[in-house]
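Student: Just dropping this structure here.
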Amino acid sequence: MQLHRLFIATALIFTLSAPAFAAGKGSSFKCWTNKEGVRECGNEVPPEFAQGQTSTINGRGITTKVEARAKTTEELEKEQREKDEAAARATEEKLKNDKQAAYDRVLLNSYLQEEEIVAARDRKLSSIDASIELTNSTIGKLEQKLKKEEQLAANHAKNPTAADNKEVESLKKQIESRKGYIAARQEERKATEIEYEAYINRFRELKGNKAAQ
């Protein structure tokens with residue numbers, strides 16, 4: 001079957017190209033593939049095959065132009081999606097690089113040596129520790145006062161006053177509030193350690209890169 005189709009296509013080309021050879025260099029014809037997969041040639045491509053791949057052959061039998069088949073709607077949509085995704089990735093990458101460059105500039109302008117970063121970290125950690133220590137001291141005093149108020153309320157167990165209950169509840173709320181404050185400062189301390197560790201590592205990278213250059 002394939003040999004038969006090849007024979008038909010070859011015979012058709014020679015038949016159609018004979019006038020072209022006689023007409024000279026300016027003559028040419030078109031070739032296309034029909035629905036059966038057989039190559040056909042002629043002066044014009046039939047409309048039903050115009051969207052497929054075609055080739056132009058000159059009077060010497062040389063292919064001078066090949067036109068790819070028209071892309072389907074799905075193919076065009078896929079190409080557009082890929083272009084949009086690539087553009088989005090490029091934009092995201094640029095923003096990321098710009099942000100990193102700005103970060104690096106601030107880091108290098110803020111510190112000349114690694115020791116300066118360590119000192120800045122230690123100062124901030126010391127400030128947080130002092131705040132936690134002071135709050136713990138305050139909690140201790142409040143707890144002592146609460147103990148006294150609870151003892152006083154116990155003495156009035158048979159006939160407690162509204163003032164007794166109000167003071168006890170107020171002290172409990174103050175203690176819980178300060179404990180929450182300490183928990184927040186402890187989280188801040190952890191975040192500070194991580195933050196400055198990142199500063200130090202990046203500073204080393206930048207200084208190492210500069211030294212290499």
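None of the figures in this text is laboratory data; all of them are computed from the coordinates on show. Since the structure is predicted, the reported quantities are computational estimates derived from the model, not experimental observations. Note that each Cβ is placed from the backbone with ideal geometry, even for glycine, and that neighbours are counted across all protein chains shown.
Student: What is the distance, in nm, between label points placed 7 Å from the Cα along the Cα-to-Cβ direction at residue 43 and at residue 206?
Tutor: 7.5 nm
Student: Suppose we look only past 16 Å in the calculated P(r) of the stretch 24-83. What percent of the Cα-Cα pairs does that tail hold?
Tutor: Result: 52 percent of Cα pairs exceed 16 Å.
Student: Starting from the amide H of residue 53, placed 1.01 Å from N in the peptide plane, find each other amide H under 5 Å away whose residue is 5 or more places distant or on another chain.
Tutor: 69
Student: Cβ under 14 Å from residue 117's Cβ, residue 117 left aside: what net charge do those residues give with Lys, Arg +1 and Asp, Glu -1?
Tutor: Spelling it out: positives minus negatives among the neighbours equals -3.
Student: Normalise the Cα radius of gyration of the stretch 25-152 by 2.2 N^0.38 Å (N = residues in it) and let me know the number.
Tutor: 2.80
Student: Here's something else I'd like to know. Rg to Rh ratio, the stretch 80-195, alpha-carbon atoms and Kirkwood radius?
Tutor: We get a ratio of 1.36 for the stretch 80-195.
Student: With a Förster radius of 35 Å, plug the Cβ-Cβ distance of residue 72 and residue 99 into 1/(1 + (r/R0)^6) and report the FRET value to the nearest 0.05.
Tutor: Details: r = 40 Å, r/R0 = 1.15.
Step by step, r from the Cβ atoms, then E = 0.30.
Student: Full extension from residue 153 to residue 112: what is 0.36 nm times the residue separation minus their Cα-Cα distance, to one decimal in nm?
Tutor: Full extension of this stretch gives 8.6 nm more.
Student: Leaving out same-chain residues fewer than 8 places away, which aspartates and glutamates sit with a Cα under 16 Å from that of residue 173?
Tutor: 143, 149, 150, 164
Student: Let me ask something else. Just grab the label-to-label distance for residue 84 and residue 65, each label 7 Å out from Cα along the Cβ direction, in nm (one decimal).
Tutor: The answer from the label model is 3.4 nm.
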